[in-house]
Amino acid sequence: MAKSEAPVTSAVSERPRRRTLRDEQKENTRLKLLAAAGQLFSEKGYAATTIDDIVEVAGASRGTYYLYFKNKGEIVTELTEEYRAATEALLPELAGLEDPSREHLRSWLSKYIGLVSSYQVTIRASIQAEGGAPEMRAANDQRMVAFRDHLAQWMTDVRRRQDLSVDPKAIKVRTTALMLQLERICYFWLIRGWKVDRATTLDVLADIWYTTVHSDEGAT
């Protein structure tokens, strides 16, 4: 009995589809809508910006807008995704601090605060959108939990190397406290506009992070 031959897959069919001119045009339109939304949120704020405002600045139609986004909150979600990705890109550097000094922590915190500063328009719009967009609140909560979990793993690794307590419940509280403290300082300083001295803030934060990471005081 003759052996059945395996089907031959065409090399052509395995090639990824090349982007067409239409694909490029669609992507350009999406980027124009995102840029227009970011500009208007900076100038007018999220609440005062309408979809009609966005399409006018982008040079598009209202119908075109709805081909890409279901509502105004969804465009903020996509803008926020860029901020989330940028935040995640900072985390491997923190994970690489196996025995962090105050100077190491201060340097990383400075980069994080700089990142928040560069995305403050997006963050402000995201916060304003939460009230009418449950998906935005869920996305923001998810980002915070992921950040906290990454901090917890990093802190556990650092403390284990130093033979310090690595009780999961205590680590969770320590990292939640550090994360919320950092986020709230950034919020009132960079988003709400409170006057804070940058150098002093970084010095104090670095001291708090160093002590929390390296101390067993209050450990269970």
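Just a few scattered comments:
- So THR156, is it over 24 Å from ARG124 (Cα atoms) and either without any contact (Cβ under 8 Å) to a residue 40 or more places away in the chain or outside the structural domain of GLU88 (by TED's automatic domain parsing) (or both): yes
- In this entry, LEU105 passes the filter for residues that are surrounded by 18 or more Cβ atoms within 10 Å (Cβ to Cβ) and in the same structural domain as LEU190 (by TED's automatic domain parsing).
- Any hit, the stretch 172-183, residues being touching a residue at least 40 places away in the same chain (Cβ under 8 Å) and in contact with a helix residue (DSSP H, G or I) (Cβ under 9 Å, 6 or more places away or on another chain): yes
- Any pair with Cβ under 7 angstrom, 6 or more apart, that starts in the stretch 29-49 at a residue that is touching a residue at least 12 places away in the same chain (Cβ under 8 Å) and ends at one that is assigned to a loop (DSSP other than H, G, I, E, B): THR29/ALA60; LYS32/GLY59; LYS32/ALA60; LEU33/ALA60; LEU40/THR49; PHE41/THR49
- Those helices (runs of 4 or more DSSP H) lying entirely in the stretch 45-95 with at least 3 residues modelled with pLDDT under 95, surrounded by 18 or more Cβ atoms within 10 Å (Cβ to Cβ) and assigned by TED's automatic domain parsing to the domain that holds GLU183: 72-95
The values are calculated or read from the model by the stated rules, or taken from the named source; none is laboratory data. These numbers were taken from a predicted model, which means no experiment stands behind them. Positions of Cβ are backbone-derived with ideal geometry, glycine not excepted, and every protein chain shown enters the neighbour counts.
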